[in-house]
Every structure is written in structure tokens, then in C-alpha cells.
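Read the structure below first, then the notes.
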Amino acid sequence: MFSKSKIEKLKREYNLLEDIINTEEVIWLNPKYNSSDSDNKINISKTDIIEAEKRLNRFKPYIREVFPETQKNNGLIESELETIDDFKGDLEDTFNTPINGTLYIKRDDSLPIAGSIKARGGIYEVLKHAETLALKNNLITKDENYRKFANKEFKKFFKRYSLAVGSTGNLGLSIGIMGATLGFETTVHMSNDAKEWKKRLLREKGVHVKEYKSDYSKAVEEGRKLSKKDPRSYFIDDEKSKDLFLGYAVAALRLKKQFESKNITVNKDNPLFVYLPCGVGGGPGGICFGLKKVFGEGVHCFFAEPTHSPAMLIGMMTGEHNNISVQDLGIDNKTAADGLAVGTPSKFVGKIMENYLAGIYTVQDEILFKLLKRLYNKKRIKLEPSAVAGFPGPAKLKQKQIYKKFDIENKNIKHLVWATGGVMVPEKIFQEYLSK
């Protein structure tokens, strides 16, 4: 717990902190941001991302077999890249500012299997763990057809092992669904922010759901502690998992191909600005890292957080990372954007992002609901509140201090909003979102 005197000291050092504590919307530019590659302090490379993609490709026959919705893409778990320039007017009207360039949306809200960005990292780490066990026990070789993972003997084998994860909802869905399908005894430790429909869906899939009255950090802590007691249990740690990180990073290789298929150029003169909703940081961090590896100086990534849960912002801005929580500053960590309701950020991700992330901005829940409704009315796209957090990004860049650092008047600029979840939201719940 931070003392009152230390908080006052931080306020004097960081001018934005007072506004952050008052849950006002802010935008922070990362002073350590460097568009050049910065690998001197991390042990992850583009080669690791390529290896992760190869692993996902090996599992495509299995994915295609057990999840019929992936058959049209031959077992590939991927989302569409869409142009939504006709929604720019709605953003300009909402924020009373013109927006240059082209507006795109990455439709991770409709990713197969789990319906959110977590279908990338979560499913990848479960598959890697399953592959590791299968190879170690001579059940398969990397040269064989991985459709074999759908056989009964594999499911019987994995039944001897368990998986666990702490989650506010969507990561639990991806790991729960994938783990249970493979045969693992799977437990999801869920915080008080998790939606009831997500808990219900997990139980329907045969997943054990353990509920906590406290927030995300406590759910992770308890899940980690219980998993350590069982040598056959594998805990997927959203706060410090390299494998989750790499699963998300693979999206960058896929996005590059999507841009190429549309003859869209991304480089320093044709910059891409990407807006990523951020909770503990794994998903947006992995994607940002991958994008910087693929596009270099041509891409600039911004995280978006709720004003009541600015965990990554305060962690990176102060350099305290996971040593500081929003609760330390008297912020309640209560937001309708349940996937972003995180009080303490990932130190693992925050340290990596020190040279890769352009900045972070915060957004009020009321704006999330307003944009959610306007997007549905205009485009019939159904998103969760947390998945809308990227949309204020293009308008945020119009603030004066951004002009000094980025060429946002460039007519070739591209804005990409990463939609992180929505397709699995029950209709009744979505109608409640619209009514707000």
C-alpha cells in the first residue's frame, strides 16, 4: 500500500496523476517510446512469433475437426479487417473534431471459438501445453497430422491433467472452451467483475468456475496458489506469460497479409495508428510487440483504459508497474468494461512496452455506451463495452501535444481500432447495453 506522502510525491512528479485520480479522461505519451527496435532487455524475437504461428498451423487440422465454425478457413482462427470510413462522421460528431485518413476495424469481436481477442493468446497457450505433453509422452511427432488430438485416447490422456486461469471473463472463456475440448480438467478463477452469462457458458462447457468477491488480481493470486499444490496442474498466468504474449503477437503476421491482399502500404510515410483496449496488458502488449516487429517505424500503438481502471497507465507512467494499483490511488476499479477491470498491471508486459508503446489514453464508461450504440445503429456491429474503448483513439490524437510528436495531418494515415469482443454476448444483455 502506498503511503499518503509517496502518493503526494508522485503527484508532484507526474502532472497527469491528479486528473487520473479524479477519474478524468487523459492521454499520456510515453517518453521512452522509440520507433526503432529495442531488444536489449527482453528475450523475445520475431523468430519466436514465427515459431508460434507454425505451431498454430500444425493444429489447424485438429481445430477444423472439433470446431466446425473454423472449417471455412481450414482451421485458422482469424478475424476480418474491415474499412469503416462511414463511421468516421460519428466519431467526428461525438468528439467535435475532424479525423484524417482511413478508419479500419479488426474484427476480433467475431473470432471463432471464443468470440474475443483472447481466442488468440489463450487458445495458443493451451495448444502449446497440450503439444508439449503429447510430444513428451510419445503420443505424436511434429511431422504427424495433428487431427490425432481429436482421438479418444488423447482426450483420455489429457483428463489426467488440469488447467487453471484467473480471469475477468474472456480469457477464461477461451482457455475454458479449448481446455475442456481437449479433455483437461479446467478451472477458471473469476473476479467479481465477471459477467454471469460468461460463468454460465463455461459451466455448460464442463469447466469449473470458482468465484471471488474481490477483483481480478485476487482471482489470479488464488488460482496461482491452488495450482502450485498440484504437480499435474498448469496455471496460465495472464500477468507474466510469454506464451500468451506470443499467441497474441501472431496477429501481426496475419494483419500484414491482410493489408497486402488489399494493396495497402504501411510504412513511415503511410503510418498506421492502432488502438487497443487494455486490461492487465497481455493481449494488447503482444499485438503491439508483433506489430512493431512487422511494421517498425510505420506503426504506432496506443492502449485504451477505463477512467476507473487505468492500471497500465499508472504502472508505466510512474515506472512502478505491478508495485502500484489503482486502489493505491483511491480509484475504485469499477467499470462496465469488465474485460478491462484490472487494478494492477502486468510488470512483464509493462517493461516490454517501455520502448514499443506510443501512449495510453483513458475513456469514461458513458462514452463507451454512446459509441457502442452509434456503431450498432450505423454498422450493426455488436461489441462489448470494453471492445469499444479503441474508438476514441483517432480523436484523442487531435489533442495539441500529439501534433508535436506524430504527423497526424498526413492524408495517408490509417487508424485501426481493435474490436476485442462481442459476438458471444447474449441478445438480452446486448439490448441492456443499448439502453444505457
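Among Lys11, Lys351, Lys72, the residue with the largest mean-square fluctuation in a Gaussian network model of the chain, with springs joining Cα atoms closer than 10 Å, is Lys72. Surface composition of region 170-314: carbon and sulfur atoms hold 45% of the protein heavy-atom accessible area at a 1.4 Å probe. In region 216-289, Cα pairs under 8 Å separated by at least six residues give a relative contact order of 39 percent.
Max-minus-min Cα coordinates of region 179-320 on each principal axis give 52, 38, 30 Å, with the largest extent listed first.
Under the definition of Cα pairs under 8 Å and six or more residues apart, what whole-number percent is the relative contact order of region 1-134? Relative contact order here is 15 percent.
Return the whole-Å distance between the Cα centroid of region 363-436 and the Cα centroid of region 309-362. Region 363-436 and region 309-362 have Cα centres spaced 20 Å from each other. If you run the Gaussian network model on the chain, springs between alpha carbon atoms under 10 Å, then out of Asp109, Asp328, Asp338 the most flexible one is Asp328. Over the chain, dividing the summed -39,500 (n - 2.57) contributions of all DSSP H runs of at least 4 residues by the number of residues returns a 222 nm mean residue ellipticity of -12500 deg cm²/dmol.
Among the cysteines of the chain, those with no neighbouring cysteine Cβ under 4.7 Å are Cys278. Angle, helix 170-182 long axis vs. longest principal axis of the chain, Cα atoms, 0 to 90°, nearest 10? Roughly 10 degrees, rounded to the nearest 10. Once the 1.4 Å probe is applied to the protein heavy atoms, region 137-211 comes out at 44 Å² accessible per residue.
Equivalent ellipsoid of region 74-210: semi-axes from √(5λ) of the C-alpha gyration tensor, largest first, are 36, 20, 10 Å. Its Cα gyration tensor gives the chain an equivalent ellipsoid. The semi-axes, each the square root of 5 times an eigenvalue, are 33, 25, 21 Å from largest down.
Taking the DSSP bridge list for region 179-319 and keeping only pairs wholly inside it, about 10 percent are antiparallel.
Please work out the C-alpha center-to-center distance from region 1-25 to region 145-216 and express it in whole Å. Using only Cα atoms to place each centre, the spacing works out to 38 Å. One compactness figure for region 257-356 is 1.19, namely its Cα radius of gyration divided by 2.2 N^0.38 Å. On the beta carbon distance between Thr47 and Lys405, with R0 = 41 Å, the FRET formula returns roughly 0.85. Computed from the C-alpha gyration tensor, the three semi-axes of the ellipsoid equivalent to region 140-182 are 24, 12, 8 Å, from longest to shortest. Were the residues from Lys6 through Thr83 laid out at 0.36 nm apart, the gain over their Cα-Cα distance would be 23.1 nm.
Residues considered: Ile264, Ile331, Ile177. Largest GNM mean-square fluctuation over the chain, using C-alpha springs under 10 Å, is found at Ile264. Cross-link pairs exceeding 22 Å between alpha carbons, from the set Lys46/Lys240; Lys128/Lys199; Lys142/Lys228; Lys142/Lys293; Lys334/Lys436: Lys128/Lys199; Lys142/Lys228; Lys142/Lys293. Once the Cα-Cα distance is subtracted from the 0.36 nm per residue extended length, the Asp230 to Glu18 segment shows a gain of 71.9 nm. Suppose the Debye formula is applied to equal point scatterers at every Cα of region 1-122; what is log10 I(q)/I(0) at q = 0.11, 0.17, 0.20, 0.23 Å⁻¹? So the normalised log intensities work out to -0.78, -1.08, -1.11, -1.21. Normalising the average separation of contacting C-alpha pairs (under 8 angstrom, six or more residues apart) by the number of residues puts the relative contact order of region 247-293 at 69 percent.
Our Cα-only numbers for region 212-262 put the radius of gyration and Dmax at 16.7, 51 Å. What percent antiparallel are the DSSP beta bridges of the chain, to the nearest 5? Here the antiparallel bridges make up roughly 20 percent for the chain.
Convex hull of alpha carbon positions in region 291-436: directionally averaged projected area 10.0 nm².
The values are calculated or read from the model by the stated rules, or taken from the named source; none is laboratory data. Predicted model, so just to flag it, every value in this text is computed and none were measured. Cβ atoms come from the backbone with ideal geometry, glycine included; neighbour counts cover every protein chain shown. In case anyone asks, the SASA skips ligands and DNA or RNA and just uses the protein heavy atoms, side chains included. Shrake-Rupley method; radii C 1.70, N 1.55, O 1.52, S 1.80 Å.
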